[in-house]
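Written below as structure tokens is the structure these notes are about.
The values are calculated or read from the model by the stated rules, or taken from the named source; none is laboratory data. No experiment lies behind these values; they were computed from the predicted model shown. In this analysis, Cβ positions are derived from the backbone assuming ideal geometry, glycine residues included, and neighbour counts consider all displayed protein chains.
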Amino acid sequence: MAVYTDVTEEELSQYLRGYAVGDLMSYKGIAEGSENSNYLLHTTAGTYILTLYEKRVDGAELPFFLGLMQHLARKGISCPLPVERRDGSLIGTLAGRPAAIITFLEGVWMRRPTAAHCREVGKALAGMHLAGADFEMRRENRLSVPGWRHLWEMTRPRADEYEAGLAAEIDGEFAAFAEAWPDDLPSGVIHADLFPDNVFFLGDRLSGLIDFYFACNDLFAYDVATCLNAWCFEKDNSFNLTKGRALLSGYQSVRPLEPAEREALPLLARGSALRFMLTRLYDWLTIPDGALVQKRDPSEFIRRLRFHRHIASATEYGLTAL
Ligand SMILES: Nc1ncnc2c1ncn2[C@@H]1O[C@H](COP(=O)(O)OP(=O)(O)O)[C@@H](O)[C@H]1O
Ligand SMILES: N[C@@H](CCOP(=O)(O)O)C(=O)O
């Protein structure tokens, strides 16, 4: 469920006067998503998504996220285009929250992605990496190693409640990352959360990328590693080599990975698994049962982490020489 803030018809009609999007015909809350409140809007001018940004999004960072979508859309990446207000700004205030309207993308997300979908995602990710090269704003990845440490300090005391021995195991992970985490690989703007629910398809054709609210500047190969984690494991947590091969060859058909990126991929995939395990564990331990925020299962990412620990080379993910 992701409608945390209710909006009355009167408030919304008033708000829309700040935009050249016609008059309100209907609107309804969207159940999917987890961070913000989203509404589907029908106006006399078309269909839009209205987002009210909730507490977990820092309002000061909205110009980066919305500016990035605008930049990428103008470069031909299929992603929502933020709608400008009559005064040229992208962000307003509605029901006491920062708010924005973005264009509606057709398509559905794949509950059971195939290798063909994975290949399309790899291509789209590489296209986004290239298109972001001349985006002028910067945002540090607050969910990289120092951010993980902070989350871990908060979750460690209760980690063994989730699984006996987890605290010691994750301490070992941090010890491994302290020495080895790379900082000299090709970097730029990354999506950082390109999971299946953030990619729309019409059949096998990718129709759009959404949810840029974790986007930041970081290593391109880390984004690739996150996609391997998000797209190439099956429900039983086994790695699907065919999907890995498809995703990586799709990516490399647009942006070939450098030798150092290939070499770092197992470590980056392990770090990415740790990142999603930690945010999920934090939510698991802190969000009360019955709350509106959807809690996701940390154990999927504990298993991925263990899998990556035993990978010696990215060829085991299906990476082939070009
Ligand atoms: N531009 C868009 N076009 C069509 N649907 C969208 C668009 N943006 C968001 N949605 C819908 O809203 C849902 C939640 O959006 P998302 O950005 O993932 O929210 P959150 O940041 O809260 O996780 C998506 O699953 C999708 O159904
Ligand atoms: N992809 C993350 C959760 C982020 O949720 P989203 O609805 O904003 O994509 C995870 O799987 O843990």
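Points worth noting:
- Complete set of residues in the range 126-159 that are part of a helix (DSSP H, G or I) and among the basic types (Lys, Arg): Arg149, Arg156, Arg158
- Test result for Lys295, within 16 Å of ligand 1 (Cβ to nearest atom) and surrounded by fewer than 18 Cβ atoms within 10 Å (Cβ to Cβ): yes
- Contacts under 8 angstrom Cβ, first residue in the range 271-287 being within 13 Å of Phe307 (Cα to Cα), partner within 10 Å of ligand 2 (Cβ to nearest atom) and of a type in the set (S, T, N, Q), 6 or more apart: Ser272/Thr226; Ser272/Asn229; Ala273/Asn229
- Residue within the range 102-109 that is farther than 23 Å from Gly132 by Cα, away from ligand 2 (no atom under 16 Å from the Cβ) and surrounded by 12 or more Cβ atoms within 10 Å (Cβ to Cβ) present: no
- Test: residue in the range 186-194 that is in contact (Cβ under 8 Å) with a residue 40 or more places away in the chain, assigned by TED's automatic domain parsing to the domain that holds Phe233 and surrounded by fewer than 17 Cβ atoms within 10 Å (Cβ to Cβ): yes
- Residue within the range 266-289 that is aliphatic (A, V, I, L, M), surrounded by fewer than 16 Cβ atoms within 10 Å (Cβ to Cβ), assigned by TED's automatic domain parsing to the domain that holds Arg119 and farther than 30 Å from Arg255 by Cα present: yes
- Hits in the range 50-64 - residues which are out of contact with any strand residue (DSSP E or B) (no Cβ under 8 Å at 6 or more places or on another chain) and more than 10 Å from ligand 1 (Cβ to nearest atom): Lys55, Asp58, Ala60, Glu61, Pro63, Phe64
- Every residue from the range 234-265 that is assigned to a helix (DSSP H, G or I), more than 23 Å from Ala131 (Cβ to Cβ) and without any contact (Cβ under 8 Å) to a residue 60 or more places away in the chain: Pro259, Glu263
- One residue stands out among those in the range 292-303 that are within 13 Å of Phe276 (Cα to Cα) and not in a helix (DSSP H, G or I): the one that is nearest to ligand 2 (Cβ to nearest atom), which is Arg296.
- Residue within the range 114-132 that is of a type outside the set (A, V, I, L, M, F, W, C) and surrounded by fewer than 14 Cβ atoms within 10 Å (Cβ to Cβ) present: no
- Matching entry among Thr5, Thr44 (being more than 16 Å from ligand 2 (Cβ to nearest atom) and in contact (Cβ under 8 Å) with a residue 24 or more places away in the chain): Thr5
- Leading residue by the ranking (farthest from ligand 1 (Cβ to nearest atom)) among those in the range 237-284 that are touching a Gly at 6+ places or on another chain (Cβ under 6 Å) and among the aliphatic types (A, V, I, L, M): Leu241
- Taken as a whole, the condition of being within 16 Å of ligand 2 (Cβ to nearest atom), within 27 Å of Glu169 (Cβ to Cβ) and not hydroxyl-bearing (Ser, Thr, Tyr) does not apply to Arg306.
- For the range 8-49, a residue qualifies if it is closer than 11 Å to Leu94 by Cβ, outside any helix (DSSP H, G or I) and either at pLDDT below 95 or more than 16 Å from ligand 1 (Cβ to nearest atom) (or both), and the qualifying residues are Thr8, Gly18, Ser37.
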